[in-house]
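*Asks:* Mind having a look at this structure? Questions to follow.
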Amino acid sequence: MLILTRWKVMIFALAILFGVAFTLPNLLPQTVLNKFPAWAPHQKLNLGLDLQGGSYLLLEVDTDSLKAERLTNLLEDVRTTLREASVPYTGLGQVGEAINVHITDPAQLNTAATALRKLAQPIANSATLDLAVTTQPGGGLQLALSPQAMQAESAKAVEQSIEKIRRRVDALGTKEPSITSQGINRIVVEAPGESDPERLKDVIGKTAKLTFQMVDETVTPEDLAAGRIPPDAELLHSENTAEGPIVVKRRALVSGDMLTDASQGFDSQTGEAVVNFRFNGIGSKRFGEATAQNIGKRFAIILDGKNLSAPVIRSAIAGGQGQISGSFTPQSASDLAVLLRGGALPAKLNVIEQRSVGAELGADAVRAGQISAVLGFLVILSFIVLAYGLLFGGIAVAALLVNALLIIAMMSLTQATLTLPGVAGMILSMALAVDASVLIYERMRDESRAGHPAMAAADHGFRRALVSIFDANVTTLIAGFIMFQFGAGPVRGFAWSLSIGVFTSVFSAIVVTQVLLGLWFRAARPKKLPIL
């Protein structure tokens, strides 16, 4: 086991080279790092919110707006379904949290009920339908969403919102944001290094639901003043207050879901900031057909229920490209492009709590982590040297240093976010590495006391200790895996650094300690072990 072979020495040398190469960027200033060749490692440890400061947001899905939007869509679905089934009706509207409609022909009441029940869909992972259609006295029908359906909608909104938020935060340049769910309808966002929390809140909080809808030209100013709005239209306010309110068809020609790209630019004629966009294949086709069929009419560009602009269609717009203008600054146009690229949120998010972690607090946390790591290392060093002497204690310390080097290198390579719990995981993994050395040396002592020669005692002790080392580290690895799978935020950071430390501590125990002991045996050729 302790016999030196070429492959053992090569693995030892490659491990040292790997550790130095990926740890060194963390010790050098950025100006020096920029001069490194492109093939050289440049990755640094990403410090978490508690180490470098940043922004913390606690968001809550607005279930009321989610339900209102669901009922609005259901209202339009009922109108379309009854029209396609040629069923006459009156009194279609929302009453409380249900949709009511009166079927004027009693003979077609069952036909209408059958058609409307087809709108119901099974709730995910359940056989229950999300919609109940009941008959009311006098030829009426009522459609109501089940409570289970709204809970499922809320959970789905949280899941979709997390992905959308991650895209938006990544587009701002924030590295390794932590975005996790909390409870049924809340989301925690931690953005390390984000210097402008208000901008972060604005970018995350906007729903960014973009639609292209036709302007209803049949509504006169007199109708608008009297509040006479057709049932298939809606009144919206304009982003530019000088333009006043506008009436648009409820049915969207194209939606922002069909965008493939959005970027900030400048109008070639006016020089004002605009947002350039491009549709996918389906969106390009729909946009081209809609503009070809409505030449001379106005279509409105609606963002989160507000009209950005309502230009006149001069000709068919083919190619699926266009631009949005509307008194943008370059920064606001860039932020809107970020929102559109990230996709619309499924529901409005309300900010429940906001905290900013300043640079001083982050520096204090880093300093505390450094002090704890140094103190822990000194205590371990003192114990191992006093217990096993300068030679064997020095070999254990050398393996410990290699272990720490490999942990930092692996975390830099994987671009994992290091938090204070992560530092605790690193310190704990260093203790595991020392534990492996203790197991090996104690086994060697037992074999030597049993009368075996030095080489045989060391070899047998090493072999038998490995079983215990593997057992102890496998159980630790299982615990780390469970914490990483089911934990969130700091718990996952602790689990990740601990799991990396398990692999590196086993490696240092098997390879580093073995190679160093083998070199000593080859040079000294001792007759007995100096650790009795």
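The values are calculated or read from the model by the stated rules, or taken from the named source; none is laboratory data. These numbers come from a predicted model, not from an experiment. With ideal geometry, Cβ positions are generated from the backbone for all residues, glycine too; neighbour counts draw on all protein chains shown.
*Asks:* Which residue pairs have Cβ atoms under 7 Å apart, sit 6 or more places apart or on different chains, and have a first residue in region 311-326 that is assigned by TED's automatic domain parsing to the domain that holds A262 and a second that is modelled with pLDDT under 75?
*Replies:* G326/E239; G326/N240
*Asks:* Looking at region 111-139, which of its residues are among the β-branched types (V, I, T), surrounded by fewer than 15 Cβ atoms within 10 Å (Cβ to Cβ) and at pLDDT 85 or above? Walk me through it before giving the result.
*Replies:* Pass one, region 111-139, residues among the β-branched types (V, I, T): 111, 114, 123, 128, 133-135.
Right, trim to surrounded by fewer than 15 Cβ atoms within 10 Å (Cβ to Cβ) and you get 114, 128, 134-135.
Matches in region 111-139: T114, T134, T135.
*Asks:* Filter region 135-153 for residues that are within 30 Å of T180 (Cα to Cα) and either out of contact with any Lys or Arg (no Cβ under 9 Å at 6 or more places or on another chain) or assigned to a strand (DSSP E or B) (or both) and give the result.
*Replies:* Hits for region 135-153 are L145, S146, P147, Q148, Q151, A152.
*Asks:* Something else now. For region 481-532, enumerate the residues that are among the β-branched types (V, I, T) and modelled with pLDDT under 80.
*Replies:* Those that are among the β-branched types (V, I, T) and modelled with pLDDT under 80: V491, I531.
*Asks:* Looking only at residues in region 1-39 that are small (G, A, S) and in a helix (DSSP H, G or I), which one is nearest to W520 (Cα to Cα)?
*Replies:* Once the filter is applied, the top-ranked residue is A13.
*Asks:* Looking at (1) part of a helix (DSSP H, G or I); (2) over 30 Å from Y56 (Cα atoms), find the lone condition where Q485 falls short.
*Replies:* (2)
*Asks:* Now a separate question. Please find, among I282, I301, I295, the residue that is in contact with a Gly (Cβ under 9 Å, 6 or more places away or on another chain) and either at pLDDT 80 or above or over 30 Å from D77 (Cβ atoms) (or both).
*Replies:* Matching residue, one of I282, I301, I295: I301.
*Asks:* Please determine, by comparing only the residues of region 140-169 that are under 20 Å from L58 (Cβ atoms) and acidic (D, E), which one is modelled with the highest pLDDT.
*Replies:* Among those that are under 20 Å from L58 (Cβ atoms) and acidic (D, E), it is E159.
*Asks:* Ok, one more. How many residues are out of contact with any helix residue (DSSP H, G or I) (no Cβ under 9 Å at 6 or more places or on another chain) and surrounded by 14 or more Cβ atoms within 10 Å (Cβ to Cβ) when one looks only at region 39-59? Explain how you work it out, then say what you get.
*Replies:* Keep residues of region 39-59 that are out of contact with any helix residue (DSSP H, G or I) (no Cβ under 9 Å at 6 or more places or on another chain), which gives 39, 58.
Next cut, surrounded by 14 or more Cβ atoms within 10 Å (Cβ to Cβ) only: 58.
Residues meeting the conditions: 1.
*Asks:* Just checking, how many residues over region 326-355 are surrounded by fewer than 17 Cβ atoms within 10 Å (Cβ to Cβ) and under 22 Å from S284 (Cα atoms)?
*Replies:* Residues in region 326-355 being surrounded by fewer than 17 Cβ atoms within 10 Å (Cβ to Cβ) and under 22 Å from S284 (Cα atoms): 0 in total.
*Asks:* Determine which member of the set R83, R79 is among the charged types (D, E, K, R), touching a Leu at 6+ places or on another chain (Cβ under 8 Å), under 27 Å from R251 (Cβ atoms) and not assigned by TED's automatic domain parsing to the domain that holds A347.
*Replies:* The unique qualifying residue is R79.
*Asks:* Quick test of your reading of the structure: P41 fulfils all but one of (1) in the same structural domain as Q370 (by TED's automatic domain parsing); (2) within 24 Å of the chain's Cα centre (by Cα). Name the failing condition by number.
*Replies:* Condition not satisfied by P41: (2).
*Asks:* Going residue by residue through region 60-72, is there one that turns out to be surrounded by 13 or more Cβ atoms within 10 Å (Cβ to Cβ) and within 30 Å of G422 (Cβ to Cβ)?
*Replies:* Just the residues of region 60-72 that are surrounded by 13 or more Cβ atoms within 10 Å (Cβ to Cβ), to begin with: 60-63, 65-72.
From what's left, within 30 Å of G422 (Cβ to Cβ): 60-61.
Yes; the residues of region 60-72 include at least one that is surrounded by 13 or more Cβ atoms within 10 Å (Cβ to Cβ) and within 30 Å of G422 (Cβ to Cβ).
*Asks:* To continue, here is another question. Suppose we keep only residues that are under 29 Å from the mean Cα position of the chain (by Cα), of a type in the set (A, V, I, L, M, F, W, C) and under 21 Å from L405 (Cα atoms) within region 26-38. Which one would you say is surrounded by the most Cβ atoms within 10 Å (Cβ to Cβ)?
*Replies:* Checking each candidate, the answer is L33.
*Asks:* Counting only residues that are assigned to a strand (DSSP E or B) and among the hydrophobic types (A, V, I, L, M, F, W, C), which one in region 182-208 is modelled with the lowest pLDDT?
*Replies:* Among residues in region 182-208 that are assigned to a strand (DSSP E or B) and among the hydrophobic types (A, V, I, L, M, F, W, C), the one modelled with the lowest pLDDT is A191.
*Asks:* Follow-up question, since we're still on this one. For region 258-312, give me each residue that is touching an Asp or Glu at 6+ places or on another chain (Cβ under 8 Å) and of a type in the set (F, W, Y).
*Replies:* F266, F277
*Asks:* What are the pairs with Cβ atoms under 8 angstrom where one residue, in region 215-234, is within 16 Å of K249 (Cβ to Cβ) and the other, located anywhere, is loosely packed, with under 11 Cβ neighbours inside 10 Å and β-branched (V, I, T)? Sequence gap at least six, or different chains.
*Replies:* Within 8 Å, the pairs are P230/T218.
*Asks:* What about A424, is it part of a helix (DSSP H, G or I) and surrounded by fewer than 22 Cβ atoms within 10 Å (Cβ to Cβ)?
*Replies:* yes
*Asks:* So, in region 130-158, of the ones that are in contact with a helix residue (DSSP H, G or I) (Cβ under 8 Å, 6 or more places away or on another chain) and aliphatic (A, V, I, L, M), which residue ends up farthest from L82 (Cα to Cα)?
*Replies:* So the residue we want is A157.
*Asks:* Turning to a different aspect of this structure: Report the residue count in region 439-477 for those that are aliphatic (A, V, I, L, M) and within 23 Å of T417 (Cβ to Cβ).
*Replies:* Matching residues across region 439-477 total 1.
*Asks:* How many residues does region 435-456 hold that are in a helix (DSSP H, G or I) and surrounded by fewer than 24 Cβ atoms within 10 Å (Cβ to Cβ)?
*Replies:* Total meeting the criteria: 13.
*Asks:* Out of all the residues in region 400-407, is one or more surrounded by fewer than 21 Cβ atoms within 10 Å (Cβ to Cβ), of a type in the set (A, V, I, L, M, F, W, C) and at pLDDT 85 or above?
*Replies:* For region 400-407, residues surrounded by fewer than 21 Cβ atoms within 10 Å (Cβ to Cβ), of a type in the set (A, V, I, L, M, F, W, C) and at pLDDT 85 or above: present.
*Asks:* Could you check region 73-110 and list, in sequence order, the residues that are in a strand (DSSP E or B), free of Cβ contacts under 8 Å to residues at least 24 places away in the same chain and surrounded by 17 or more Cβ atoms within 10 Å (Cβ to Cβ)?
*Replies:* Hit for region 73-110 is Y89, nothing else.
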